[in-house]
Structure formats: C-alpha cells, structure tokens
Amino acid sequence: MTRIIAMLCALFFTLPAFADEPCCATGDLGLVVERTSGSLVVIDRSEHAAIGRITGLGDLSHASLVYSPDERFAYVFGRDGGLTKVDILTQSIVKRVMQSGNSIGGAISDDGKLVAVSNYEPGGVRVFNADTLELVADIPTGAKTIGLVDAPGRRFVFTTWDTGETWIADMSGDLQITKLTGIGAFPYDALITADGRTYIAGLFGEDGMTAIDLWQDPPTPQRILPHYGRGQEKLPVYKMPHLEGWALAGDRFVLPAVGHHEVLWVDARNLKEVARTQTHGQPVFAVARPDGRYVWVNFAHPLNDTLQVIDTMTSEVVQELKTGPATLHMEFTPRGHEIWVSVRDENLVKIFDTRTYEQIGEIEVTAPSGIFFTARAHRTGL
C-alpha cells in the first residue's frame, strides 16, 4: 500500500499544472466580425450564444481570419493593414502589427507556423512567424495582390491584379518563387480546392477564368469557361462574388455568375460548364452543406434579404428564405445540421435548421459580417 501511495504521489506531482489555464476547449467556438466597431464576438455553437467580445482590431470592413491548428488563436486580417493575433479563450489580443497600408486577406501555412498577408498598398505579400508575428519574408510584386491561399507543402499561392500573374511561394526551405504569367486581365479573386490541387482565378477584365493544376510540374495556366464573366458583356455588378464561397458539391463546382441572376455548374474533372440555375439575384456566396447535397446562396444589393437553397441532384431551387436586409455571410456547423447567417442591417446572426429550414436561434451582434467556426483550422484554403 505504501508503494502504491508513493507511486500515485509521484504521478500527481509530475502532471502539468492547468490551474491558470482557461477552462474550455475550442471545438465548439467561433468568431463573428463586427465590421463597424473593430470587434470580434466570441460565439458558442452548442449554446447558440455570444460569450465574449474582443475589441481594438481596427478597420474590419472587409476582414477575414484564419485559425491556428489547435483552434485557440485566430489571425485577423483588417482592411487597414493590421494583422492581429487573438486568443479566443482569454478573449484578448495577443499581438497586433500594422504591416501595410491596405490589406485584403491572408492565409496560414499547412503546418501552422507561418501567416501570410496579401496587400493592396504597397502590394505584395508579407509572411510572419505565427507565434511571434515577427516578419519572416517580404515578397514585393509591384502590384495589388489578391486570392492568397495556403497550399500543401508550406506554400502560398496568390495572384496580381495589375499584371495578371500567379505566384507560388514555396517556404518549405529557403524561399523559392514560381511566377506564372498570362493569367488574364484584372484577376479579382481566387480559390483553391480542398485537396490543394486546383487554383482558380476569376477575371474582371475579360470573359473566362483561369485554372492551375498545382500537381503539375511545372504548373500550367488553363483558360476555362471562355464565354462567361465580366469582361465583354458590361453588366452592372453590385457586389463581386467571393470565390472562396464557391461550392464543390460531389463532382461539380457551383459558381456565382458575375453580373447574372444565376449560378453555374462546372464539372470538377474537366472544368467545363454543364448547367445553370436561375436565382433570385446576383449571387455572392454559394456554399455547399458539408455533405454536398444542398447549396445555399445569398445575393447582392438590392436583393440581399433572401437565401435560396439548391438541390445538387436536380440543380433546382427547392427553398427560399426571407432572412432580413443585408444578409452577408453564411457558415455551416461542421457536420451541416445548422447554418448561421449574418444579417447586418438587423444586427443579428440568425441560426437555421438545415433540414426543416426553421429559425432556431439568434444572437445580437452589431453589424455582423463574416462568421468563422474553429473547424476551419483543419481545412485547406480557409
């Protein structure tokens, strides 16, 4: 008995002390951007509740964020060039650096060690140590950079608005840059597929898009959808679609059509258009439920009070919801049983059951825009 007690005492005194650590895990949490107040609201999915607020993040009018692999820290990319690391458990700012005059999003490397930010002013991409936010690399492009994503192998991929190039920055060792030219006129945004293979840039200055197979050596740009886009058909565009909101449902992409009241269905294997669906307005986000069966779509002003649900089996609209003025963003729970929707002009985040379409909760948030659950930490390109 004495020996057992001694062993238990030894085990007790060698365990790490957690008394000063926060009490909670992070898998059920998320952040909502308050775009007008420079704040983030910490949300609890299970409780359908706001549990805190983090202030002092500057201009969040076009903000996005990514998470560390342990889901504890978020890296927030503000429009004013600020890069802010926040701790969602202590609900506080860890560090904030003003790294440019105007930034437009960022990404975190697949190993969680590096955070990259794309900039309009002065252009280029800057890469920081994720722990300390110390500058690791400054990559000038001589142009506004857009469409920055992470890719497997500690790489970042981004595109230049002014010069129509896509750059691949390999940071697995010494920095190596691969430049691909001839992407097209004025690429305005880009996405990468969840497997990290296909990078697609949308073009504002001409019809069509450009796809790059990152598995190729060397990668070669391929023009796709040559009769689609903003370029030759000068349609009014009230809000450009966000390409990160494009959906992959089964073996088809669902793409918001620029300037049109429709979404496009594209075969993911050969990148050819196979169908179109008429919609309520100009789509902004087309987001697939995690199982891929249904796609939820929101719309640009002045028809931005509505969501539509499209069945991917039939490409037909099966449900329409009047959610409220300035419905800006949607985020599914990781397994898709709920969808959380920011309704800016009602200062609400509304929660809907994705099977019954009933509203099952709401949270008061001042001018909400982006909603980001911590499950994003484990997905490429988000």
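Some notes on this structure:
- Mean residue ellipticity at 222 nm, helices only, the chain: -1000 deg cm²/dmol; runs of at least 4 DSSP H residues each add -39,500 (n - 2.57), and the sum is divided by the number of residues.
- In the chain, excluding the sites themselves, the longest stretch lacking any of the GluC sites (Glu not before Pro) that are in a DSSP loop with at most 14 other Cβ atoms within 10 Å is 234-357.
- Segment ARG335-ASN129, length gained on full extension (0.36 nm per residue, minus Cα span): 71.0 nm
- The distance between label points at GLN278 and GLN91 comes to 4.9 nm (points 7 Å beyond Cα on the Cα→Cβ vector).
- Here's the list of aspartates and glutamates a cross-link from LYS144 could span, going by alpha-carbon distance under 12 Å and ignoring same-chain residues fewer than 8 apart: GLU121, ASP162, GLU165, ASP189.
- Rolling a 1.4 Å probe over the protein heavy atoms gives region 95-218 an accessible area of 38 Å² per residue.
- Percentage relative contact order, region 268-353, counting C-alpha pairs under 8 Å, at least six apart: 20
- Extension gain for the segment SER46 to GLN319, taken as residue separation times 0.36 nm less the Cα-Cα distance, is 95.7 nm to one decimal.
- Rounded, prolate or oblate (a/c below 1.5 giving rounded, otherwise prolate when a/b exceeds b/c) for region 86-177 by Cα gyration tensor: oblate
- Accessible surface, per residue, of region 283-382 when the full set of protein chains is kept, probe 1.4 Å, Å²: 40
- Under the criterion of Cα pairs below 8 Å and six or more residues apart, the relative contact order for the chain equals 11 percent.
- Most fluctuating residue given options TYR120, TYR294, TYR357, as computed from a GNM of the chain linking Cα atoms under 10 Å: TYR357
- Share of Cα-Cα pairs in the chain lying beyond 33 Å, as whole percent: 30
- The distance linking region 342-382 with region 120-134 is 28 Å (Cα centroid to Cα centroid, whole angstrom).
- Take the Cβ atoms of ILE360 and ASP174, set R0 to 45 Å, and the FRET efficiency comes out at 0.30.
- The trypsin sites (Lys or Arg not before Pro) of region 265-315 that DSSP puts in a loop, and whose beta carbon has at most 13 other beta carbons within 10 Å, are ARG269, LYS272.
- On the basis of the beta-carbon distance and an R0 of 41 Å, ASP111 and ASP162 show a calculated FRET efficiency of 0.85.
- Straight Cα distances below 13 angstrom link LYS350 to the aspartates and glutamates ASP305, GLU331, GLU338, GLU358, GLU362, GLU364, with same-chain residues fewer than 8 positions distant left out.
- On a per residue basis, the convex hull of the C-alpha atoms belonging to region 152-235 measures out at 86 Å³.
- Overall, the accessible surface of the chain at a probe of 1.4 angstrom is composed of carbon and sulfur to the extent of 50 percent.
- GNM remark for the chain: springs join alpha carbons under 10 Å apart, and the peak mean-square fluctuation among ALA50, ALA286, ALA201 falls on ALA50.
- Placing a label point 7 Å from the Cα of ASP59 along the Cα-to-Cβ line, the residues of region 103-124 whose backbone N sits under 11 Å from it are 103-104, 120-121.
The values are calculated or read from the model by the stated rules, or taken from the named source; none is laboratory data. Predicted model only: the values in this text are computed from it and were never measured. As a convention, Cβ positions derive from the backbone with ideal geometry for all residues, glycine included, and neighbour counts pool all protein chains shown. These accessible areas exclude ligands, DNA and RNA; they are computed on the full protein's heavy atoms, side chains included. Shrake-Rupley method; radii C 1.70, N 1.55, O 1.52, S 1.80 Å.
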